[in-house]
Amino acid sequence: MSLAFKGAGMGVKHLGVYWLLLLAFAVASLGATTGKLLPQAEKLYSERYKLPVLEELISLYEAALAKAPEDEELLSRLAQFWYEKAMLVPEDEKKACFERARDYALAALRTEPEFAAVEKEKGLAAAMAVATDPAALLWYANAQGQLLGMISPLKAFRLMKPVQAAYQRIVEIDPCFWGCSAIHSLGALEAHLATTPVVKLFFHASLEKAREYFQEAIERCPDYLENYYIFARDYAVPQMDRTLFHDLLKHVLEAPIGDWPFWNRNAKLAARGLLSQEEELFR
């Protein structure tokens with residue numbers, strides 16, 4: 001597709017009320033891959049946007065993990081499923097899901113001997129530079145980003161370095177992994193650095209740099225609708241670009257679900273929610 005977003009440049013709460021994804025099936029039509037699903041999970045995977053189905057997948061994988069507690073692929077997949085569960089449960093249950101996702105992702109990363117050695121010697125942020133599992137990196141960064149969003153912004157940004165390093169490492173390994181989620185997440189981080197009072201005094205961040213990340217994510221991965229939603233939320237809104245806001249969210253609502261049965265549905269729900277706040281956001 002080609003949206004020519006004109007006028008302003010292009011613009012989850014991934015951090016705080018703001019932040020946001022990854023291990024998928026070994027079939028191109030279901031997204032990025034790091035290995036095959038358990039046989040009994042294959043028929044369930046594409047319907048995991050239904051909470052009971054997702055909970056069944058979690059049960060299957062946790063049962064398998066009990067027999068192989070250091071299996072990196074099982075750990076990464078559980079990190080994905082617990083993060084996705086956080087998208088479906090009530091607000092008061094989200095924190096526990098994010099914590100489970102983060103812990104499974106870290107456990108997956110620590111199965112790599114070099115990662116574990118570097119973390120012990122130089123710390124978690126440095127270890128991200130030698131990690132090789134983009135799925136574990138992404139779910140760690142997404143979940144930890146959400147958890148940091150639940151504390152004060154200044155304290156959160158002081159603890160953000162491993163999260164940023166994880167996203168940067170994914171871009172080095174595979175920039176298009178999971179619909180270019182790492183690229184748009186770096187854009188979201190840049191945007192929040194640029195628009196958070198006090199914090200912005202300590203960082204040289206800009207909304208224009210954020211726009212570049214968002215545009216790149218859309219250009220590389222045009223079928224992944226989260227890229228458009230986050231652009232609208234984290235760039236079009238702070239820039240007060242109502243036309244771009246409408247163009248991006250209209251595309252999300254009109255585009256097909258395609259190869260991302262969970263996350264494109266999630267983007268459509270989020271887009272409707274953001275549109276319902278339009279008058280408040282742009283007054």
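Screening the candidates Ala191, Ala126 for the property of being assigned to a helix (DSSP H, G or I) and buried (at least 24 other Cβ atoms within 10 Å of the Cβ) yields one hit, Ala191. Residues in region 252-277 that are part of a helix (DSSP H, G or I) and among the aromatic types (Phe, Trp, Tyr): Trp263 alone. Across region 219-240, the qualifying residues are those that are closer than 15 Å to Gly187 by Cβ and surrounded by fewer than 23 Cβ atoms within 10 Å (Cβ to Cβ), and the one among them that is nearest to the chain's Cα centre (by Cα) is Cys221. The number of residues in region 168-187 that are surrounded by 24 or more Cβ atoms within 10 Å (Cβ to Cβ) and over 23 Å from Ala127 (Cβ atoms) comes to 4. Only one of the numbered conditions (1) of a type in the set (Phe, Trp, Tyr); (2) surrounded by fewer than 24 Cβ atoms within 10 Å (Cβ to Cβ); (3) in contact with a Leu (Cβ under 7 Å, 6 or more places away or on another chain) is violated by Tyr213, and that is (2).
The conditions of being small (Gly, Ala, Ser), touching a Leu at 6+ places or on another chain (Cβ under 7 Å) and either closer than 14 Å to Arg169 by Cβ or surrounded by fewer than 19 Cβ atoms within 10 Å (Cβ to Cβ) (or both) are not met by Ala116.
Residue check: Asp247 meets all listed conditions (1) modelled with pLDDT under 95; (2) charged (D, E, K, R); (3) outside any loop (DSSP other than H, G, I, E, B) but one, namely (1). May I ask you to verify whether Leu54 is at pLDDT 50 or above, out of contact with any strand residue (DSSP E or B) (no Cβ under 8 Å at 6 or more places or on another chain) and either farther than 17 Å from Ala135 by Cβ or aromatic (Phe, Trp, Tyr) (or both)? Criteria not met by Leu54. When each of Asp234, Asp223 is tested for being outside any helix (DSSP H, G or I) and touching a Gly at 6+ places or on another chain (Cβ under 9 Å), the lone residue that passes is Asp223. Taking the criterion of being within 16 Å of the chain's Cα centre (by Cα) and farther than 15 Å from Leu138 by Cβ, the residues of region 89-102 that qualify are Lys94, Lys95, Cys97, Glu99, Arg100. The single condition among (1) modelled with pLDDT under 95; (2) more than 30 Å from His246 (Cα to Cα); (3) not in a loop (DSSP other than H, G, I, E, B) that Ser29 does not meet is (2). The set of residues in region 67-88 that are more than 16 Å from Leu138 (Cα to Cα) and hydrophobic (A, V, I, L, M, F, W, C) comprises Ala68, Leu88. Within this structure, Ser152 passes the test of being closer than 28 Å to Arg100 by Cα, among the hydroxyl-bearing types (Ser, Thr, Tyr) and modelled with pLDDT under 95. Looking across region 44-69, just one residue is outside any helix (DSSP H, G or I) and of a type in the set (A, V, I, L, M, F, W, C), and that is Ala68. Looking at (1) closer than 28 Å to Val118 by Cβ; (2) modelled with pLDDT of 95 or more; (3) out of contact with any Cys (no Cβ under 9 Å at 6 or more places or on another chain), which is the one condition that is false for Trp178? For Trp178, the failing item is (3).
Considering the conditions (1) at pLDDT 80 or above; (2) surrounded by fewer than 17 Cβ atoms within 10 Å (Cβ to Cβ); (3) within 20 Å of Ala271 (Cα to Cα), Ala4 is excluded by exactly one of them, (1). Being closer than 23 Å to Tyr140 by Cβ and either touching a strand residue (DSSP E or B) at 6+ places or on another chain (Cβ under 7 Å) or not in a helix (DSSP H, G or I) (or both) is a property that Trp178 lacks.
The values are calculated or read from the model by the stated rules, or taken from the named source; none is laboratory data. This structure is a prediction, so every number in the text was calculated from the model and none was measured. No Cβ is skipped: glycine too gets one built from the backbone with ideal geometry, and neighbour counts run over all protein chains shown.
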